[in-house]
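Comments concern the structure below.
The values are calculated or read from the model by the stated rules, or taken from the named source; none is laboratory data. Remember, it's a predicted structure, so these values are computed and weren't measured experimentally. Every residue, glycine as well, gets a Cβ built from its backbone with ideal geometry; the counts of neighbours run over all protein chains shown. The accessibility values were calculated without ligands, DNA or RNA, using every heavy atom of the protein model including side chains. Shrake-Rupley method; radii C 1.70, N 1.55, O 1.52, S 1.80 Å.
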Amino acid sequence: TWHDTFVHPFSSTKQFFIDLSSFFSWEFLSWMAIQQCFISGGVFALVMSLGLPLFKELGIDASRQQLYMTMIFAPWAMKPFIGVASDLFPIRGYNKRYFALYSILIGLVGCCVLLGLYQSGSAEAAIAAGPEAVQSFADWIVICFTAVSYEAATLDILGEGKYSELMRKYPESGSSIISFKFGWSLLGSIITQSFVGPMSDA
């Protein structure tokens, strides 16, 4: 009936979360949702989308823009090494907690420095000062973006390591946690992308 057709998506979604919570704690699920929506799908997607427009504003040529973006994405290529390091060098007995906290601190510093640079009018001053000042300013942007990229990559690999461990413990959970992860990441990306155009033009 039309009633069943209308109600089914809501009832199945409710059952999905009930089944998921039977294998994974609400603390872990909450952390995954926040990290994927606001970091991987939120702040990181915003920074990556704004990168090229910012470099274009500074008059950086296309080949150097690509070099900068490669450097910014480098932490994602280092994810396996970050995961191995967290397992081999636990801090105070924890494999992931302090690595996650340090990455959040690094990403936060990168965001704050980037915001401070633009709020202080450094971009306009660098453009007015000439190519050398623009180059130096662009280097700072790359460092800030790389810090945010490192935060997102580290939190992502630590989350993957934890849910892989729990999936081995509860094989009957299937791939539900992966769907949960990418669902929240997609939601964060959709919300973020809706702001990219206006922010690029601001």
- Any idea what angle helix 131-169 forms with the longest principal axis of the chain, computed on alpha-carbon atoms, 0 to 90 degrees, nearest 10? 10
- Between residue 190 and residue 69, Cβ-based FRET efficiency (R0 22 Å, step 0.05) works out to 0.50
- Message: What do you get for the angle between helix 79-88 and the principal long axis of the chain? Use alpha-carbon atoms, 0 to 90 degrees, nearest ten.
- Response: 70
- Message: Can you give me the accessible area per residue for the chain, using a 1.4 Å probe, in Å²?
- Response: 58
- Note on the structure: Residue span residue 105 to residue 88: 0.36 nm per residue of separation minus Cα-Cα distance leaves a gain in nm of 4.0 nm
- Note on the structure: So, with points 7 Å from each Cα along the Cβ direction, the residue 21-residue 97 label distance in nm works out to 2.5
- Task: Only one of the values (1) 37, 23, 12; (2) 30, 25, 17; (3) 29, 20, 18 was calculated from this structure for semi-axes √(5λ) of the Cα gyration tensor in Å; name its label.
- Result: (1)
- Message: Give me the percent of accessible area attributable to carbon and sulfur for the chain, probe 1.4 angstrom.
- Response: 69
- Message: Using a 7 Å offset from the Cα along the Cα-to-Cβ direction at both residue 10 and residue 136, what is the distance between the two label points in nm, to one decimal?
- Response: 6.1
- Item | Estimated 222 nm signal from helices in the chain, with DSSP H stretches of n ≥ 4 weighted -39500 (n - 2.57), rounded to 500 | -27500 deg cm²/dmol
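Suppose every K and R has +1 on its Cβ and every D and E has -1 on its Cβ; what is the size of the dipole of the stretch 44-202 about the Cα centre, in Debye to the nearest 20? Write out the running numbers ahead of the final one.
Working: 10 positive and 12 negative charges, 135 e Å.
Computed charge dipole of the stretch 44-202: roughly 660 debye.
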